[in-house]
Amino acid sequence: EKRIYLSSRQPIYNTCKEIVGVLCTSTDITQIHTAQEKLEIEATTDPLTGLFNRRFFFKLAEQFLSESIRHNKSLSLIMLDIDLFKEINDLYGHPIGDEVIKFVAFKAKSLLRKEDIIARVGGEEYVVLLPNTNGKAAQLIAEKIRMSIDSECITGDWSGNIYPKVSLGISTFTEGDAEFHEIYARSDKALYQAKFTGRNKSCMLEKSNDTSDQQAPEINL
């Protein structure tokens, strides 16, 4: 069993002020350390999926945006939402809906790079932050996630199979973006574009030169 100790050392002097020994004390702080780790995990992690939670994700996203602004690095964002999730809950119940949420989280995370950041920010909504990634590469990653989930079905101790589908909205850091919510808002609009034009697709929204948002063509890969 792993134990954690807090140790301190103090020299022992004789009457001539010479060091003749060392007094060492060790205190077992395993329980305190474990409790601190648990609190840190609870503060940053979504309990259902094990992904980062919304609050911690936005904290990280602002840090990565600052880095992109300072060094002119690419940064992209994918917003992902499970299609017709309410119908799944209504038909199978919320416990099975939770299984679908965990399945999509696992599939999406398994297809990402080590440096990418994925979080659950809503009931059936996720976000993926892609450092050093331009729009074209982000589109390919989004489609890779979508097609992987589209080809799967979920089975269990219930009647019938569940074939989850997802819609994705993509946006990128653009010169002039001062806060992360600007990138997030474009990705959110792109997600709704994907939803309203048929679902089970990915769309990208870019910022036009006149600072107003324009819709980019949907991706059909």
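Observations on the model:
- Where GLU115 falls short, out of the listed (1) without any contact (Cβ under 8 Å) to a residue 60 or more places away in the chain; (2) open to solvent by less than 50 Å² (accessible area, probe 1.4 Å): (2)
- Scanning the stretch 200-221 for residues that are at pLDDT 95 or above and assigned to a loop (DSSP other than H, G, I, E, B) turns up ASN200, LYS201.
- Test result for LYS102, modelled with pLDDT of 95 or more and of a type outside the set (Gly, Ala, Ser): yes
- When ASP28 is tested against (1) in contact (Cβ under 8 Å) with a residue 12 or more places away in the chain; (2) exposed (fewer than 12 other Cβ atoms within 10 Å of the Cβ); (3) closer than 28 Å to LEU168 by Cα, exactly one condition is not met: (3).
- Boolean, THR45 is closer than 30 Å to ALA119 by Cα and either without any contact (Cβ under 8 Å) to a residue 12 or more places away in the chain or open to solvent by 70 Å² or more (accessible area, probe 1.4 Å) (or both): yes
- Checking LEU168, LEU130, LEU140 one by one, the residue that is at pLDDT 95 or above, of a type in the set (A, V, I, L, M) and open to solvent by 20 Å² or more (accessible area, probe 1.4 Å) is LEU140 and no other.
- Selection within the stretch 151-165 - closer than 15 Å to ALA194 by Cα and open to solvent by less than 50 Å² (accessible area, probe 1.4 Å): none
- Look at (1) surrounded by fewer than 22 Cβ atoms within 10 Å (Cβ to Cβ); (2) more than 16 Å from PHE52 (Cα to Cα); (3) in contact with a strand residue (DSSP E or B) (Cβ under 7 Å, 6 or more places away or on another chain) and you find that MET147 fails only one, number (3).
- Some residue of the stretch 77-90 being over 28 Å from GLY160 (Cα atoms), free of Cβ contacts under 8 Å to residues at least 24 places away in the same chain and either in a helix (DSSP H, G or I) or open to solvent by less than 60 Å² (accessible area, probe 1.4 Å) (or both): no
- From the options GLU37, GLU1, residue that is out of contact with any strand residue (DSSP E or B) (no Cβ under 8 Å at 6 or more places or on another chain), open to solvent by 100 Å² or more (accessible area, probe 1.4 Å) and without any contact (Cβ under 8 Å) to a residue 12 or more places away in the chain: GLU1
- Figure legend. Inter-residue proximity from the stretch 135-152: first residues in contact (Cβ under 8 Å) with a residue 40 or more places away in the chain and among the hydroxyl-bearing types (Ser, Thr, Tyr), second residues open to solvent by 40 Å² or more (accessible area, probe 1.4 Å) and part of a helix (DSSP H, G or I), beta-carbon distance below 9 Å, spacing 6+ or different chains. Indicated pairs: SER148/SER110.
- Scanning the stretch 6-20 for residues that are of a type in the set (S, T, N, Q) and either touching a residue at least 60 places away in the same chain (Cβ under 8 Å) or open to solvent by 100 Å² or more (accessible area, probe 1.4 Å) (or both) gives GLN10, THR15.
The values are calculated or read from the model by the stated rules, or taken from the named source; none is laboratory data. Quick caveat: nothing in here was measured; it's all calculated off a predicted structure. Counting neighbours? That spans all protein chains shown, and the Cβs are built from the backbone with ideal geometry, glycine included. Side chains are part of the model used for accessible areas, which takes the heavy atoms of the whole protein and leaves out ligands, DNA and RNA. Shrake-Rupley method; radii C 1.70, N 1.55, O 1.52, S 1.80 Å.
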